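Written out below as structure tokens is the structure these notes cover.
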Amino acid sequence: MIREIARDMLNHMGYRVLLAKDGQEAVEIYKEKGCEIDIIMVDLIMPKMNGLVCYKKLKEINKDVPIIVASGLGELSKKQSILELGAAGYLEKPYSIRSLSEVFSNVD
């Protein structure tokens, strides 16, 4: 449900969004459609492949792709290490359309 809400907010902001149900699918989609993808957003907690592993695999494919990492309050301690890895932004859940817009506009 959070994925669909984020998609709706991003669509409202003018982005075309591709959804993945888990980290593994996100990597597969990026392998197939990477040339169509300008920004990636991953959650730290995802099924099959967590966000950190997904982040690293996506960066192996394209070290320059901007990746925004979203996480809940429980993962807030990981924010600095994620940013040090080179994440394009960090989004704390729950997020609003305003915070989502701010993080994405800093990447554009």
TODO: From 31, 79, grab the single residue that is surrounded by fewer than 17 Cβ atoms within 10 Å (Cβ to Cβ), more than 24 Å from residue 99 (Cβ to Cβ) and out of contact with any Gly (no Cβ under 7 Å at 6 or more places or on another chain).
DONE: 31
Task: Residue that is nearest to residue 69 (Cα to Cα) [pool: residues in the stretch 1-41 that are in contact with a strand residue (DSSP E or B) (Cβ under 7 Å, 6 or more places away or on another chain) and β-branched (Val, Ile, Thr)] - done: 40
TODO: Kindly indicate the residue of the stretch 1-18 that is over 11 Å from residue 97 (Cα atoms) and touching a residue at least 24 places away in the same chain (Cβ under 8 Å) and also surrounded by the fewest Cβ atoms within 10 Å (Cβ to Cβ) among those meeting that condition.
DONE: 2
Open item on the list: So, restricting to strands (runs of 3 or more DSSP E) that lie completely within the stretch 2-108, which ones have at least 1 residues that are touching a helix residue (DSSP H, G or I) at 6+ places or on another chain (Cβ under 9 Å) and β-branched (Val, Ile, Thr)?
Closed with: 40-43, 67-71
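Any read-out appearing in this document is the output of simple, stated calculations on the displayed coordinates, not a laboratory observation. In this text, all values refer to a predicted model and were calculated from it rather than measured experimentally. Glycine also receives a Cβ, built like all others from the backbone with ideal geometry; neighbour counts cover every protein chain displayed.
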